Amino acid sequence: MGDPIGTLPLILKAILVALVSVGVAHADWRQFRGSGVDGQAPAGSVFPSSLDDSSIQWKVDLPGRGLSSPVIVGEKLFLTAGSGPSQARLHVFCFSTEDGSQIWERQFFATGRTMTHEKTSNAAPSPCTDGERVYALWSSNDLVCLDLDGNVQWIRGLMVDYPNASNSLGLATSPILVGDILVVQIEVDSQSIAVGIDKVTGTNLWKVEREKKANWSTPVPLGEHGGKQLVALQGSAGVTAVDAATGETVWTHGEGASTIPSGVYRDGVFYAVSNGITAIDVVNSAPGETPKVLWEASTMRPKTPSPILLDDRIVIVAGDVFTCASLEDGERLWKSRGEGGTITGSVIAAGNRLCAVSEREGIVQIIDPTGDEGKVTAKLKLGDLIQCTPAYADGAIYVRSDKMLWKIGG
Amino acid sequence: MKRILLILSAAALGLAGAKADLAGDIETILTIGGEGAGNEAASKAWQAIADATEEAAFFEVLQAVGKNNLADNWLLSAASVVAEKNAPDVEALKTFLLETSNAPLAREMVLDLLRSTDGEAATKLFAQLRNDPAEPVRRVAVQFYIDEATRSEEAGQKNVAAEQYREALQAARDADQIKTISAKLEEFGEKVDLPKQFGFLMRWKTIGPFDNLGRAGFDTVFPPEERVALDATHIGKDDAEIQWKEFETANPFGMVDFNKAYGMLKEVTAYAYTEFDSAEDQEVEIRLGCKNAWKVWVNGELVFGRDEYHRGMRIDQYRLKANFKKGLNTILIKCCQNEQKERWTVEWQFQMRVTDHTGTAILATNRGPTPETDKVADLKPNEA
């Protein structure tokens, strides 16, 4: 096919290059599963077409454990970790995406209980950023806000405020920014709550009681509807759409939902991990009424990773099996196996390709899901236990283990 | 000359002003409260402190640590920024570290700095630090001696190694280190009385089962919560008459397993009660491990409760502060088992020890010898 823009006039080429450059400069990855909390890389992004050891641009040792994903603003990458015999030392790192050099580190000390199952760790929730500040949360419910230069803006000890808001297996729900509000969902068997926090001052705007049942899923922004920024809080009882400004419930899908993978939202539809996958029509769901369900796909049951959307498809992962269904009606299109066994971290997407990482051997794999089956088109074995969801920026994939952080491609 | 004096005076006033500002900024941070109260002022104060470069500022900030646990992370992180710009003097670090009245977290941070600045100087302090009241500081020093013992063992010096392990055991407070050392000593043929070492409570009176249908038992006030009467007969689950039993555990980690007393039941509640004779009035830590829902009372006052089931258990999972008076103190624990049927939900048990804030076991003056076997028996009339 050759150069697709080769025939364009020079001035148009220059404009196109400038636009792409601007896009790349701002192609941040700001939350768990990306800036949209949907696993999608910015439009125009692509994964590396081939992977081998030379794809590793840099790797750095980490002094603490963690499952959290990196978040990226420009050329700064932020990551959390926990260290020490009880994971009580809390770390926030800022690395250069260019060469992996450490720009700064801040350490804090857990004020809440740090106990987790041995497979997870205190640094399980991913941080998030609004491009000016970084918000870092640990399982101990210590919540810290720093500016991009590492200056403390505010600190909360949420387990000091709410002494039974903990889970002895460990918490993993990531905080999510919805406009100017940081939504923190702490759903446990005992003191179960969700809190809306002023992102600038760190004070509560609202706090609501939640079902007393352990939950590790992450809130998902649903966009603006009826003049309100909605956010989906998913838990074992179902999905609640709340007004991010007040915490007031707008509607509830009370049919139960998964407590591990989170749902995904696009164009007015929330694909909830409920009875398999349930597509909820957010646009046409009236406040106070049962939301309108477009379709249910009860055989689409993701295990740990959250579902990911393609142009016209939805893909879920259970163990190492990928299942793809039509976005229109949930009808299954194909099922295929990934490489390297169970996949724990969520899958991310760029340019109609998927990127997943197997847990046991850390096989980073690029998958073409557009045909009659999922096809692994490139792979790279990192040889480490990987449980995080990858991050993506400027053509590069970022992956971390308990010991190391890698930049791959880009 | 007059001009020089004026400059010096101005400089002195400037320094005094800066010092006053620093004290004010520290005070601002110390006043923060729950749910983010005071965050905005603290944020400005943090930046002002972090902008300081004087070594004295570093130590002044650290001296404020330990007064408000919500403020500690503000202060420690600001101090670390000051230290990044102006590395504190090694001698000053040593002096601060060895002053045990300074807060444990501040001393932990200073030990880290000392080890990264002058590892040899830190190592020379380990003999002194292995009995340190600050757990994280003590742990580092104990680990040094465990490693020394391991090296002696690897060099074939078993007698030296055994003595080093014995010394390390005396100093160790963290469960993992105690377990490591006692396992080594057992390899050398030396039996360690782990329950006594940890301070686990081994002798209890228990009563159950009461109901916990629908997990309602956690909030239900059963008779032992109103008054412990060891000779009483109560109506328990399914209207059965139940009485207090004597329960002794021989488990090396003090596990009190209600399944041994009442069978593998579900949706039930039991209580365990003990009396702890304290040598003096003292603040203690009740350290609990439990994967069932529980409540703990000391001398009739509820200390804390938690209605979580089967999410995990470990030694010292919960650290509850309590005050013991000289003489007899009562400890009552309520332990609820839920309805779950999975294999990993069988446990209905707890382990409890009494320590000071460093994790050093506090032994009751009425503590008996460590039981050699488990015992569950009806109370004799004179015990009830």
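Where a number appears in this text, it was derived from the coordinates with a stated rule and is not lab data. This is a predicted model, so every value here is computed, not measured. Cβ coordinates were reconstructed from backbone atoms using ideal geometry, including for glycine residues, and neighbour counts include every protein chain displayed.
Neighbouring Cβ atoms from other chains, within 10 Å of the Cβ of residues in B:104-114, number 1 on average. FRET efficiency for the pair A:Q102 and B:V221, taken as 1/(1 + (r/R0)^6) with r the Cβ-Cβ distance and R0 = 41 Å, rounds to 0.15.
Model label sites at A:T201 and A:W58, defined 7 Å from Cα along the beta-carbon direction, differ in position by 3.9 nm. R0 = 25 Å: FRET efficiency of B:V346 with B:N251, Cβ-based, nearest 0.05? Calculated transfer efficiency: 0.95.
When the listed pairs A:K213/B:K334; B:K237/B:K295; B:K245/B:K291; A:K212/B:K44 are checked against a 28 Å cut-off, the alpha-carbon distance exceeds it for A:K212/B:K44. Here the simple spin-label model places points 7 Å from the Cα toward Cβ, and for A:R266 and A:T246 these points are separated by 3.2 nm.
One chain, two ends: B:T330 and B:R166. Fully extended at 0.36 nm per residue, the span grows by 55.7 nm beyond their Cα-Cα distance.
Legend: Rg and Dmax of the protein assembly as shown, from Cα coordinates, 29.0, 104 Å. The GluC sites (Glu not before Pro) found in segment B:123-197 that occupy coil by DSSP, while having at most 16 further C-beta atoms within 10 Å, are B:E190. Here B:T233, A:T80 are placed in order of increasing Cβ neighbour count within 10 Å, fewest first, which gives B:T233, A:T80. Taking Lys and Arg as +1 and Asp and Glu as -1, the other residues whose beta-carbon sits under 9 Å from that of B:A250 total -2.
Computed about the Cα centre, the dipole magnitude for chain A is approximately 760 debye when only Lys and Arg (+1) and Asp and Glu (-1) carry charge, each at its Cβ. Among the chymotrypsin sites (Phe, Trp or Tyr not before Pro) found in segment A:334-410, not one is both in a DSSP coil and sparsely packed, with 15 or fewer other Cβ atoms within 10 Å of its Cβ.
Angle between the Cα long axis of helix B:69-85 and the longest principal axis of chain B, 0 to 90 degrees, nearest 10? Tilt relative to chain B: about 40 degrees.
Computed from Cα atoms, the angle from the helix B:39-50 axis to the main principal axis of chain B rounds to 50 degrees. Compute the long axis of helix B:135-154 from its Cα atoms, compare it with the longest principal axis of the Cα atoms of chain B, and write down the angle in degrees, 0 to 90, nearest 10. Between helix and principal axis, roughly 80 degrees. What aspartates and glutamates sit close enough to B:K325 to cross-link, taking a C-alpha to C-alpha distance under 17 Å and skipping anything fewer than 8 places away on the same chain? Excluding near neighbours in sequence, the set is B:E275, B:D277, B:E280, B:D281, B:E283, B:E285, B:E301, B:D356.
About its Cα centre, chain B has a charge dipole of approximately 120 debye under the convention of +1 per Lys or Arg Cβ and -1 per Asp or Glu Cβ, with nothing else charged. Scattering from the C-alpha atoms of chain A alone, worked out with Debye: what is log10 I(q)/I(0) at q = 0.08, 0.13, 0.14 1/Å? Calculated log10 I(q)/I(0) at the listed q: -0.39, -1.09, -1.27. Distance from a point 7 Å along Cα→Cβ of B:N323 to each backbone N in segment B:264-287: keep the residues under 20 Å and list them by number. Inside the label zone: B:276-287. Shielding by partners for peptide A:104-111, expressed as the average number of C-beta atoms from other protein chains within 10 Å of each residue's C-beta, is 5. Taking the charge dipole of chain A about its Cα centre, with +1 at Lys and Arg Cβ atoms and -1 at Asp and Glu Cβ atoms, the residue from A:I197, A:F109, A:W406 reaching farthest to the positive side is A:F109. Assuming 0.692 mPa s and 37 °C, estimate D for segment B:292-345 with Stokes-Einstein, Rh taken as the Kirkwood radius over Cα pairs, in µm²/s. D = 256 µm²/s. Placing R0 at 25 angstrom, the Cβ-Cβ distance between B:D147 and B:D89 gives a FRET efficiency of 0.35 after rounding to 0.05.
In units of the compact-protein estimate 2.2 N^0.38 Å, segment A:285-368 shows a Cα radius of gyration of 1.20. So the label point goes 7 Å from the Cα of B:K380 along Cα→C-beta, right? Which residues of segment B:239-256 then have their backbone N under 16 Å from it? Output list for this probe position: B:245-248. In units of the rule-of-thumb radius 2.2 N^0.38 Å, segment B:49-113 shows an alpha carbon radius of gyration of 0.98.
Pick out which of B:A41, B:A322, B:A79 has the largest mean-square fluctuation in a Gaussian network model of chain B, springs linking Cα atoms closer than 10 Å. Highest fluctuation among the options: B:A41. Label positions at B:S116 and A:T299, each projected 7 Å from the Cα along the C-beta direction, are separated by 5.6 nm.
Are there GluC sites (Glu not before Pro) in segment A:95-135 that DSSP puts in a loop and that have at most 16 other Cβ atoms within 10 Å, and which ones? Passing sites in segment A:95-135 are A:E98, A:E118, A:E132. The three principal axes of the C-alpha atoms in chain B carry coordinate ranges of 96, 58, 42 Å, sorted with the longest axis first.
Taking a straight line from the alpha carbon of A:K207, these lysines sit under 23 Å away, with near neighbours fewer than eight places off in the same chain left out: A:K199, A:K228. Scanning residues 5 or more positions from A:K76 or on other chains, those with amide H under 5 Å from its amide H are A:T97, with H placed 1.01 Å from N in the peptide plane.
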